[in-house]
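Asks: Here it is: the structure, laid out below.
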Amino acid sequence: MSTPTQSTPTQSTPRRTPAALTIRALLLLGLSAAPASAQDTITTPNPTGQPAFAPQPVTYPSAAAAAAAAQTYAEQARSTYPKGSANIDQVLWTQAANAAEAAVKAKPGNADYLKLRAGIYTEVGFWRQAELGWAAYFKVVPVVAGSPEARQAGAAQYNLGYAAYSRSQPDLAARYFTECLKLDPKNAQCAGWAARTALEGSDYARAQTLYTQALALTPGDRSLLYFQGLAQKASDYGPAATQAFSRAYADLDAGRKDRALTGFQAAALSAPNFNEAWRQAGRLALEAGNAQAALEAYQGAVALPAADASDKFNLALAQEGVQYGLDAVRTFRAAYAQYASGSKAAAADGFAQATVQNPDYAKAWSWLGRVRYEAQDYPGAAEAYGRAVALDPNDKPSAYFLKLAQQGK
């Protein structure tokens with residue numbers, strides 16, 4: 001596991017299509033640095049109340065002519081719009097979809113036309129329509145798991161599953177991810193997310209099986225290993241804590257750090273033996289500059305047998321941060337590191353900066369006095385030591401060197 005001061009790995013999410021969506025498509029949230037904008041047209045349930053894409057009727061001399069037009073529009077769209085931006089609201093893609101619908105309407109049982117239509121919806125990321133399109137195709141052509149067509153159909157199921165997950169519909173998400181694996185058994189993303197929904201649903205045995213399957217497809221994946229370990233320990237934490245942690249991790253992936261912090265705190269409070277929940281809460285609290293929340297989190301972590309040196313280090317940082325402010329403490333610690341490495345001039349600047357950030361930081365004044373004294377800047381050392389002693393009369397070493405500095409020796 002990574003230390004509390006490092007970010008944990010992320011699980012991959014669908015691709016992003018940057019074009020703006022109208023009411024004909026729903027914009028999905030993403031979980032990673034490059035998430036998808038899946039155009040989800042599910043109408044039951046449909047939390048935003050937006051209607052599905054409705055193809056406009058167009059007339060062609062024949063089904064073949066309509067299919068040819070769909071292919072032409074699609075080729076023009078690929079050459080016209082930026083790579084990766086395919087979207088149903090782009091005019092050429094809309095025309096391609098309308099033409100493909102016309103071809104299917106003219107000859108509903110033609111496998112080539114059904115495949116063309118499903119492929120267009122898949123390419124533009126219009127996942128609900130893609131799902132329906134592939135279902136219609138597979139009624140005519142038996143599905144072959146792992147075939148190019150099945151993989152495209154699996155992509156639709158995957159994105160619909162992620163859409164459901166982002167709407168907090170875990171049962172629906174699990175169904176989509178399971179269907180994706182039936183279509184594309186080698187899809188590691190579907191295996192990973194199917195495992196995640198099983199984990200959150202307290203089906204820990206299935207979650208471990210699915211994580212093993214996903215890791216067999218992508219050996220060494222840090223995110224999968226991370227959650228596989230969580231699945232193995234989940235029964236020790238209980239369903240409430242496990243689900244809160246998993247959802248917090250999703251929020252963290254999506255950049256919703258405030259929500260992630262709240263979720264990790266909830267997981268830790270629900271299961272006080274959940275070391276990683278305490279650590280994640282502490283790390284986020286430190287990052288947000290919330291010393292009090294970090295203190296509470298690392299107190300929880302350090303109280304457990306699995307506590308390590310980094311937990312204790314961060315606890316001390318949080319304790320000082322509550323008293324003097326995290327910025328001043330971090331500046332002081334960086335200056336101390338420079339001092340230890342022999343960069344005493346830089347250390348002096350750092351200690352001085354820490355005293356500016358918090359004029360009541362006695363230890364910073366004391367160390368500022370020390371570097372000045374070692375540089376034989378006795379007036380400057382006397383000034384710094386004097387402030388240190390005034391703030392902490394029990395600081396005997398500072399009092400001793402204050403007298404020496406005042407005597408210039």
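Please treat every number below as a calculation from the coordinates, not as lab data. None of these values were measured; they are calculated from a predicted model. Cβ coordinates were reconstructed from backbone atoms using ideal geometry, including for glycine residues, and neighbour counts include every protein chain displayed.
Asks: For a quick check: sort V143, V371 by the number of other beta carbons within 10 angstrom, fewest at the front.
Replies: By the 10 Å Cβ count, ascending, the order reads V143, V371.
Asks: State to the nearest 20 debye the size of the charge dipole of the chain about its Cα centre, where the only charges are +1 on K and R beta carbons and -1 on D and E beta carbons.
Replies: 440
Asks: Cα axis of helix 148-166 to longest principal axis of the chain: angle in degrees, 0 to 90, nearest 10?
Replies: In the chain, helix 148-166 runs at an angle near 50 degrees to the longest axis.
Asks: Once you've got the GNM for the chain with C-alpha springs shorter than 10 Å, pick whichever of K312, K233, K344 has the biggest mean-square fluctuation.
Replies: Among K312, K233, K344, the largest GNM mean-square fluctuation belongs to K344.
Asks: Please arrange T209, T242, T355 by counting, for each residue, the other beta carbons lying within 10 Å of its beta carbon, fewest first.
Replies: The most exposed by this proxy come first: T209, T355, T242.
Asks: Return W127, W365 ranked ascending by Cβ neighbour count within 10 Å, so the fewest neighbours appear first.
Replies: Ordered by Cβ neighbours within 10 Å, fewest first: W365, W127.
Asks: Choose one of Y385, A309, G109: the residue whose Cα lies farthest towards the positive end of the charge dipole of the chain (beta-carbon charges +1 Lys, Arg; -1 Asp, Glu; about the Cα centre).
Replies: So the residue we want is G109.
Asks: Tell me the mean residue ellipticity at 222 nm calculated for the chain from its helices only (DSSP H runs of n ≥ 4, each -39500 (n - 2.57), averaged over every residue, nearest 500).
Replies: Mean residue ellipticity, 222 nm, calculated: -22000 deg cm²/dmol.
Asks: Specify whether the C-alpha gyration tensor of the range 337-407 places it in the rounded, prolate or oblate class, a ≥ b ≥ c being the square roots of the eigenvalues: rounded for a/c under 1.5, otherwise prolate if a/b is larger than b/c and oblate if not.
Replies: oblate
Asks: Okay, next question. Cα-Cα over 18 Å: which of K115/K139; K105/K139; K115/K186; K107/K139; K83/K105?
Replies: In this structure, K115/K186; K83/K105 exceed 18 Å between Cα atoms.
Asks: Using θ = phi - 60° and the Karplus relation 6.51 cos²θ - 1.76 cosθ + 1.60, list the HN-Hα couplings for the range 258-270 in order, rounded to whole Hz, with x at every Gly or Pro.
Replies: Rounded to whole hertz, the list is 5, 5, 4, 4, 4, x, 5, 4, 5, 4, 5, 5, 5.
Asks: For the Cα atoms of the chain, what angle does the longest principal axis make with the long axis of helix 91-106, in degrees from 0 to 90, nearest 10?
Replies: Orientation of helix 91-106: about 40 degrees from the principal axis.
Asks: Hey, another quick one. Starting from the amide H of R167, placed 1.01 Å from N in the peptide plane, find each other amide H under 5 Å away whose residue is 5 or more places distant or on another chain.
Replies: none
Asks: Next up: Spelling out what I want: for every residue of the range 186-202, take phi, set θ = phi - 60°, compute 6.51 cos²θ - 1.76 cosθ + 1.60 (Karplus), and round to whole Hz; glycine and proline get x.
Replies: 9, 7, 5, 5, 5, 4, x, 6, 4, 5, 4, 5, 5, 4, 5, x, 6
Asks: Compute the helix-to-body angle for 309-324: its Cα long axis versus the longest principal axis of the chain, expressed 0 to 90° and rounded to tens.
Replies: 70
Asks: If you take the charge dipole of the chain about its Cα centre, with +1 on Lys and Arg Cβ and -1 on Asp and Glu Cβ, which of G238, A65, A297 is farthest toward its positive end?
Replies: In the chain, that residue is A65.
Asks: With +1 assigned to the C-beta of every Lys and Arg and -1 to the C-beta of every Asp and Glu, and no other charges, what is the dipole magnitude of the range 337-407 about the Cα centre in debye, to the nearest 20?
Replies: Taking the Cα centre of the range 337-407 as origin, the dipole is about 140 debye.
Asks: A follow-up question, please. Once the Cβ-Cβ distance between A306 and S341 is put in as r, and R0 is 30 Å, what FRET efficiency do you end up with, to the nearest 0.05?
Replies: Given R0 = 30 Å and the Cβ-Cβ separation, E is 0.45.
Asks: May I ask you to work out the translational diffusion coefficient for the range 246-324 at 25 °C, viscosity 0.890 mPa s, via Stokes-Einstein with Rh from the Kirkwood sum over Cα pairs, reported in whole µm²/s?
Replies: 203
Asks: Also, I was wondering about something else. ³J(HN,Hα) across the range 384-389 via Karplus (A = 6.51, B = -1.76, C = 1.60, θ = phi - 60°), whole Hz, x for Gly/Pro?
Replies: Values, residue by residue: 5, 5, x, 5, 5, 5 Hz.
Asks: Continuing with the same structure: For the range 246-324, what is the charge dipole size about the Cα centre, in debye to the nearest 20, if Lys and Arg each add +1 at the Cβ and Asp and Glu each add -1 at the Cβ?
Replies: Approximately 140 debye in magnitude.
Asks: Which Cα, out of N275, N87, Y400, lies furthest along the positive dipole direction of the chain (beta carbon charges, K/R +1, D/E -1)?
Replies: Highest projection toward the positive end goes to N87.
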